[in-house]
Every structure is written in structure tokens, then in C-alpha cells.
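Trainee: Let me begin by handing over the structure; questions about it come next.
The values are calculated or read from the model by the stated rules, or taken from the named source; none is laboratory data. Because the structure is a prediction, the values reported are computed rather than measured. A quick note on method: Cβ atoms are made from the backbone with ideal geometry, for glycine too, and the neighbour counts reach across all protein chains shown.
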Amino acid sequence: MDLTYTPRQQAFRAEVRAWLKAHVAAEPLLTLECEQGYHQHVAWERQLASGNWGMVTWPEAYGGRGLDLIEWLIFEEEYWSAGAPLRVNQNGIFLLGPTIMEYGTEEQKARFLTPMAAGEVIWAQAWSEPGAGSDMAAIKTTAYRDGDHYVINGQKTWSSRASFADWGFGLFRTEEGSQRHKGLSFILFDLNTPGVTRRPIRQLHGHPGFAELFFDDVRVPVDNRLSGEGDGWKVAMATAGFERGLMLRSPGRFQATARRLVELFRQHERDASPAAREAVAKAWMDTQAYAYNTYAVAAKIMAGGSIGAEASLNKIFWSELDRAMHRTAMQLLGAAAELRHFADGRVNDWLEGYMFSLSGPIYAGSNEIQRNITAERLLDMPRVGAG
Amino acid sequence: MDMLIAPERLELAEAVRDFLSGTHGPEVLRRLDAGPNRDPALWQGLVEMGLTGLLVPEEHGGLGMGLLDAALIARECGRVALAEPLVESAFVAVPWLVAQGDTSDLATIARGERRIAPAHRLNGAVADGEGAALDSIDPLRRLTTLPADASDDALLLDLGALMAAAQLVGLAEAMLDQAVEYSKIRTQFGQPVGGFQAIKHKLADVAVALEFARPVLWRAAQALDDGIASAAVHVSHAKVAATDAAYLAAESAIQVHGAMGYTYEVDLHFWMKRAWALGGAWGSRAFHLNRIDAAVIGGPHPIGPENTFA
């Protein structure tokens, strides 16, 4: 255990900080859930890529910098500290990217990773269906083989980014008559393929952050399948591991929120309750705990280990922590909490953030599912009935 | 930057775990409770493992290890609800004496011939001290009145709080294990109660609390070992996180045990009562929360993403 940064790591931090200082706009972008904001965020992804900051851990051949996980954490810390925009391509760079790295062919890596890191192709995910949410193995959408193509028919829903994105990935039933986890394949598809219909869904905040997708004889080349036919569940679980585990929610994001919460508390200190004061102190404690744990997991992975069902503990912790911090802020704001814009015209980020935080315990596998996984796989409690 | 605990450190802690689970099981707790609650043979076993000299410098006959090693072992002591006063003598008093340059007793402490019961004013009492006996709910705790010359030293408090936190983590882990095991054997409605989601989710919450208390503990141990200026804040963080995890584990475990958990017959109470004792000792939750508050909200401790290890 050595809790000091090497000179090389410190120099890297300074480099990241300087680049972000020169490039992050003072004016915040519009929300990436609306069309104009989406395009602003895509432009930002391309600017990041122009500095080679798209995904620092990826090999240089795919537009990365070949850095390790500690350097990735340093990048993320500086990124969130600088107030840089949300990553509109997070489905790609944090979830699909690592999955392709693990399961893709060399041809697939070259074809998909480079434009992903460059921000040229923005990815949506397509897991859920109307009848397959928490019970994802109930997927019904089919992709049956016809020569060197799959023909997709069915419906996906709650598809994040799909209102505006370029490509999607998801699980499809490729074996006729197959049940549950068997006979599923992991397929990537161009959202502009004939037969794909997107129907944007208005979210809590009023913007179309996700969409329904209807597939009507959509022809997708077999080359777009990741790993073997019928191996989809295994591949999807790896993606879900990245989602719940290390990559999707790096600690810097929450530490930045905790710092803003401390500042908000100081402004409202005279009217704040002792409970709010404790909640603010707890925000610092829990975001720090999450950061230490992430550094410990990164060290474990760098030493050749891996992250398993512990990813579920992470997901429960960060999603409920994020919600608690924003709830505290809403209560500190009092009568101003309901304002979408404050009187001076600034966006009420706490309200927007609170709405977003309510989705955290639901997406990426609801926290009820995560608690089941924790109990059954980490604590070895009995599996009874469904689940 | 490397938050990995080196494998050889974990191996030592695992060896201690094996030793304690073989010599200090629940039947020993019951035997000690029925008798004088200390046992020279158990103490001798700890001495022979080298644990009394763990933090004693090598030139004084010890192993010369660090606070992280001691925290790892204190956690194991919590896991078995160790009755002997190893932690406060060997892992709290010894590093305090070393820091003060007082080496006169170190060799005898390492050999297990002398035990120090560190007395701090904030505690209001001493465990295994010389004064008049006080009446702790913990049947294996020998609590005595605070001597007039008790210290108010800040480092002593931090060492005591850190090692209490480490034991609390071990206590909580043991209580979680007991609740999980009970949930597998107790059947109602024709199935093990551990199959019900209400029980699973309750214990999953304990697992979450522990998962995010442990790295705080290791970070605090390393910070105090490194002597960084902010170490006290990190020790307080560890104490609060460990206390909260232990109370949650205790309340969840008794609930999962049902009425059995409310009996003296089920061993859970040994762990639960130790958690109550150590949760309040070496600075209450309020004391440590106030120290964090004063540094983070009211004070100059640097916060935010780039200050993870400030």
C-alpha cells in the first residue's frame, strides 16, 4: 500500500488539468437529453478525441493512450473537478468498448473502437423489452439467421441515447424456441438500418433521454455479432459488470457533487438543520469511501485480479449515495428547489441532478436485483423461487 | 499509488484468523463467561504467535510491523470477539510509547510479561485497568475506573479509535456471517428464511456497509502510519463508518435470528455487546463526526475529486 502519486502520475495530472482548463467552456452545455444539447455533447466528444483524451486506457491503435487504471482515475478526477460535460458516448466507451476489447475479433476492434474513441459514432444500449426488465432473460426480440444476415423483429425499450444516437447494441434471441439465458446473441446494429423505428420517450425532466425501438425485418450482417452465436448472455453479463463495476461511475463525479454540496451548505448554514449538516458530512465520507474502494479495485485488477459480484455492491452504493446527496441539496434549497432556473437565470443543477439520481437505483439492473445478487453470490444465501 | 494490501500482509492476518478460529471459538466465549473471563493459556498463545510484539521494533525483540498490519489483525480479534486485552496493549499502547521514545517496557511487552492498559480521558474508563471494576454489559470486558493520571494525548486517542474501528469491522463481519448461517438453517413457510428477499436485502445492506467501511479503515491505518497531517480526519472517518456498519450488522443479525437472537443462549450477543462497547469507546460517534465536520465543512481540509488522498 502506497497512497502517494509518483512524479509521472503527478505530471500526468498536471497535463490533464491544463488541457481541460484550456478547453472546457465556461458556459455549461445544454442537457444531452435534448437534441441541441446532444449535438453539443457530440462536438465535445470530438474535441476530447482531438486531444487524444477519448479513452485514455485504450491502446494507442484505437485512439487511446495505453494508460493504466490509476491514470484513468486521475483523468476522471480532473475531468469532474473541471466541471467538464457528461460523456454522451458512455454506453460506447465505458460499456461496449471494454466488452469488444474482451470478446471482439481484431476486425471488430478496428471497425468499432476507433470511431468510438473519436466520438464519430455514438452508441445507444438496447437491453430492456416491455416484458424483460429486471428479468432480462425473458427477452423475446428475435434475430434469426438468413444467409450472412440476421433478421431482427420485435421491440426494445428504455434505450438510453437511442433518440439521437448512431448505433445500438443489445441481446437478441437467435435460436428459435430457446428459453431464458440460452439462445441469445449480442448484436451491434446501425440505428439507421431500414426497418428500425425510434420512438423517443419523454423522461421525468421532459426530454427524450431514451426511446422505444421497433424492429421490423431489420437485416444486420452476421459480422456484427460479438462472440459466438448463443453466447450473448455471457457477453452481456461482462458488459453489465463494467456498468455496475469500475467504469461507468467513477468516483470523481460524486466527489465533485459532494464538494458542491458543502458549498451549498455553507450558503444555507444559518437555516440548515443538524440533520442536513450530518448528511453533508456523510456525503464527503461516502464519496471518499467510494473513491478508496475504486482505487482498491483498480489495484486488484492491475495485480491480475478481477471484479465479480462485488460490482453489485458498488452499484447499490453509488446510486443511493447520489440520490441522498441531491435530496439533501433539494432540502437545503427549500422554496427554490422547484425552480428549473434560479432568478439569475442559472439552471438549477440540483433539481436536474436529483431527477437524474432517481434513475440510478433503477437502471443498470435495479437495486433490488443487485441486493439479490449480493445475497446469493457473495453471501451464498439460498436461491428460492424466481431470480 | 497502490491501494492493494500486499499478499504477505494478508497471509499473516489469515494465519491469525486460522489460529483464533481454532482456539477462540464460541465455546471459549461461553467458558470464559462462566468463569474468570481471562485465560493465561489463551494469552500465551497470542504471545507465541508474536502478536504482543507485532509493533515493537526489532531491536526490542518485536516484529517491527506497521499500523496497517495491526489493523488487519485487530479486525481478526474483533471477528472472534477476543477477550484477552491484546489490541489495546500491543496495538494502541505500544505505538504510542514508541512515538514518545519510551522504549523501557517494550521488550517485556513483546514477551507478553507486561500489559499496558492505555487510559485516555475521553473514555471515562479503562479496559483491563487497575482501578475499581465497572459494570459493562459486555460479559468479557473488564472495565475499570479511569486513573487520575489518564492521558489526553491526541495520538493515543487516534490509535485507540483506529484499532476500535478495526475490531468493529471484524465484529460486524462475524455478525453478518452468523446471520447468513442462521438464515440457511431456520425454515419457515417450508423454506429457509434466507431465501426470502426481505432477509436477503437486509443482509445485503450489511455487506454494502462493510464493503465501504473496510477501505476507509485501511486508508486511515496507512495515513496514521505515514503520519500525514490529516490522519485524524481519516481515523474519525474509519471510526464512524465502522461503528455504523457494526450497529447495522448487530441490529440486522438479531432481527434475522428472530426471538432466538434475543436469548443469551445464542452467541450473537457476545459480538453485539462488544460492538456497543467499542462503538462508544475512543471517541463517540458524535466526537468523530464533529472532527470531520470541523475539517470538511468548517475547516481547511481539501475536498473534491483531485483531493482523494489529501
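Trainee: Residues to consider are A:Gly131, A:Gly230, A:Gly168; find the one that is buried (at least 22 other Cβ atoms within 10 Å of the Cβ) and not β-branched (Val, Ile, Thr).
Mentor: The match here is A:Gly168.
Trainee: To continue, here is another question. Tell me yes or no: at least one residue of the stretch A:373-387 is more than 14 Å from chain B (Cβ to nearest Cβ) and without any contact (Cβ under 8 Å) to a residue 12 or more places away in the chain. I'd like the intermediate steps shown before the answer.
Mentor: Of all residues in the stretch A:373-387, those more than 14 Å from chain B (Cβ to nearest Cβ) come to none.
No: zero hits.
Trainee: With respect to the numbered conditions (1) within 11 Å of chain A (Cβ to nearest Cβ); (2) part of a helix (DSSP H, G or I); (3) over 28 Å from B:Met272 (Cβ atoms), which one is the sole condition not fulfilled by B:Ile228?
Mentor: B:Ile228 satisfies all of (1) within 11 Å of chain A (Cβ to nearest Cβ); (2) part of a helix (DSSP H, G or I); (3) over 28 Å from B:Met272 (Cβ atoms) except (2).
Trainee: Here's a follow-up. Among what's in the stretch B:278-310 and is away from chain A (no Cβ under 14 Å) and crowded, with 21+ Cβ neighbours inside 10 Å, pick the residue that is nearest to the chain's Cα centre (by Cα).
Mentor: My answer is B:Leu278.
Trainee: Against the conditions (1) under 18 Å from A:Ala236 (Cα atoms); (2) in contact with a strand residue (DSSP E or B) (Cβ under 6 Å, 6 or more places away or on another chain), where does A:Arg161 fall short? Just the number, please.
Mentor: With (1) under 18 Å from A:Ala236 (Cα atoms); (2) in contact with a strand residue (DSSP E or B) (Cβ under 6 Å, 6 or more places away or on another chain) applied to A:Arg161, the lone miss is (1).
Trainee: Right, here's the next one. Return the total of residues in the stretch B:272-310 being outside any loop (DSSP other than H, G, I, E, B), touching a Lys or Arg at 6+ places or on another chain (Cβ under 9 Å) and more than 25 Å from B:Pro118 (Cβ to Cβ).
Mentor: Within the stretch B:272-310, residues that are outside any loop (DSSP other than H, G, I, E, B), touching a Lys or Arg at 6+ places or on another chain (Cβ under 9 Å) and more than 25 Å from B:Pro118 (Cβ to Cβ) number 4.
Trainee: Does A:Phe356 satisfy the criteria of being in a helix (DSSP H, G or I) and more than 8 Å from chain B (Cβ to nearest Cβ)?
Mentor: Values: in a helix (DSSP H, G or I): yes; more than 8 Å from chain B (Cβ to nearest Cβ): yes.
Taking the combined requirement at face value, the residue satisfies it.
Trainee: Test of understanding: among A:Leu332, A:Leu246, which residue is more than 10 Å from chain B (Cβ to nearest Cβ) and either part of a loop (DSSP other than H, G, I, E, B) or surrounded by fewer than 18 Cβ atoms within 10 Å (Cβ to Cβ) (or both)?
Mentor: Step by step, each of A:Leu332, A:Leu246 is checked, and only A:Leu246 is more than 10 Å from chain B (Cβ to nearest Cβ) and either part of a loop (DSSP other than H, G, I, E, B) or surrounded by fewer than 18 Cβ atoms within 10 Å (Cβ to Cβ) (or both).
Trainee: Pick from the stretch B:195-212 the residues that are within 22 Å of the chain's Cα centre (by Cα) and of a type in the set (Val, Ile, Thr): which of them is farthest from the other protein chains (Cβ to nearest Cβ)?
Mentor: For the stretch B:195-212, the residue satisfying everything is B:Val206.
Trainee: Give me the residue from the stretch A:28-78 that is assigned to a helix (DSSP H, G or I) and among the acidic types (Asp, Glu) and, out of that set, surrounded by the most Cβ atoms within 10 Å (Cβ to Cβ). Outline the logic, then answer.
Mentor: Quick first cut of the stretch A:28-78, residues assigned to a helix (DSSP H, G or I) only: A:35-50, A:60-62, A:69-78.
Now narrow it down to the ones that are among the acidic types (Asp, Glu): A:35, A:45, A:60, A:71, A:76-78.
On the way: A:Glu35: 14, A:Glu45: 23, A:Glu60: 10, A:Glu71: 20, A:Glu76: 22, A:Glu77: 25, A:Glu78: 23.
Only one residue tops the list, namely A:Glu77.
Trainee: Looking at the stretch A:260-269, is at least one residue buried (at least 23 other Cβ atoms within 10 Å of the Cβ), more than 12 Å from chain B (Cβ to nearest Cβ) and either touching a Phe, Trp or Tyr at 6+ places or on another chain (Cβ under 8 Å) or of a type outside the set (S, T, N, Q) (or both)?
Mentor: Scanning the stretch A:260-269, I find no residue that is buried (at least 23 other Cβ atoms within 10 Å of the Cβ), more than 12 Å from chain B (Cβ to nearest Cβ) and either touching a Phe, Trp or Tyr at 6+ places or on another chain (Cβ under 8 Å) or of a type outside the set (S, T, N, Q) (or both), so the answer is no.
Trainee: Of the residues that sit in the stretch A:1-23 and are aliphatic (A, V, I, L, M) and touching a residue at least 12 places away in the same chain (Cβ under 8 Å), which one is surrounded by the fewest Cβ atoms within 10 Å (Cβ to Cβ)? Spell out how you get there, then give the answer.
Mentor: Taking the stretch A:1-23 and keeping what is aliphatic (A, V, I, L, M), we get A:1, A:3, A:11, A:14, A:16, A:18, A:20, A:22.
Applying the additional criterion that residues be touching a residue at least 12 places away in the same chain (Cβ under 8 Å) yields A:16, A:20.
On the way: A:Val16: 23, A:Leu20: 19.
Per the stated criteria, the residue is A:Leu20.
Trainee: Let me ask something additional. For the stretch B:169-179, state whether one or more residues are more than 14 Å from chain A (Cβ to nearest Cβ) and either surrounded by fewer than 22 Cβ atoms within 10 Å (Cβ to Cβ) or assigned to a helix (DSSP H, G or I) (or both).
Mentor: Within the stretch B:169-179, the subset more than 14 Å from chain A (Cβ to nearest Cβ) is B:170-171.
From the residues that got through so far, the ones that are either surrounded by fewer than 22 Cβ atoms within 10 Å (Cβ to Cβ) or assigned to a helix (DSSP H, G or I) (or both) too are B:170-171.
Checked the stretch B:169-179: at least one residue is more than 14 Å from chain A (Cβ to nearest Cβ) and either surrounded by fewer than 22 Cβ atoms within 10 Å (Cβ to Cβ) or assigned to a helix (DSSP H, G or I) (or both).
Trainee: Still on this model: Anything in the stretch B:4-33 that is farther than 30 Å from A:Ala299 by Cα and out of contact with any Phe, Trp or Tyr (no Cβ under 6 Å at 6 or more places or on another chain)? List them, or say none. Reasoning before the result, please.
Mentor: Keep residues of the stretch B:4-33 that are farther than 30 Å from A:Ala299 by Cα, which gives B:22-33.
Result: B:Gly22, B:Thr23, B:His24, B:Gly25, B:Pro26, B:Glu27, B:Val28, B:Arg30, B:Arg31, B:Leu32, B:Asp33.
Trainee: May I pose another question? Please tell me if A:Ala364 is more than 10 Å from chain B (Cβ to nearest Cβ) and assigned to a helix (DSSP H, G or I).
Mentor: Details: more than 10 Å from chain B (Cβ to nearest Cβ): yes; assigned to a helix (DSSP H, G or I): no.
Taking the combined requirement at face value, the residue does not satisfy it.
Trainee: Identify the single condition in (1) within 23 Å of A:Asp135 (Cα to Cα); (2) at pLDDT below 95 that A:Ile301 does not satisfy, given that it satisfies every other one.
Mentor: (1)
Trainee: Go through (1) at the interface with chain A (Cβ under 9 Å from one of its Cβ atoms); (2) within 29 Å of B:His301 (Cα to Cα); (3) of a type in the set (A, V, I, L, M, F, W, C) and name the single condition B:Leu217 misses.
Mentor: Unmet for B:Leu217, out of (1) at the interface with chain A (Cβ under 9 Å from one of its Cβ atoms); (2) within 29 Å of B:His301 (Cα to Cα); (3) of a type in the set (A, V, I, L, M, F, W, C): (1).
Trainee: What number of residues within the stretch A:274-306 are hydrophobic (A, V, I, L, M, F, W, C), buried (at least 17 other Cβ atoms within 10 Å of the Cβ) and more than 7 Å from chain B (Cβ to nearest Cβ)?
Mentor: Within the stretch A:274-306, residues that are hydrophobic (A, V, I, L, M, F, W, C), buried (at least 17 other Cβ atoms within 10 Å of the Cβ) and more than 7 Å from chain B (Cβ to nearest Cβ) number 5.
Listed here are the residues, each with its yes/no results for (1) within 14 Å of chain B (Cβ to nearest Cβ); (2) in contact (Cβ under 8 Å) with a residue 60 or more places away in the chain.
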position: A:Ala25; (1), (2): no, no
position: A:Gln36; (1), (2): no, no
position: A:Glu78; (1), (2): yes, yes
position: A:Ala82; (1), (2): yes, yes
position: A:Phe94; (1), (2): no, yes
position: A:Arg111; (1), (2): no, no
position: A:Thr114; (1), (2): no, no
position: A:Ile122; (1), (2): no, yes
position: A:Gln125; (1), (2): no, no
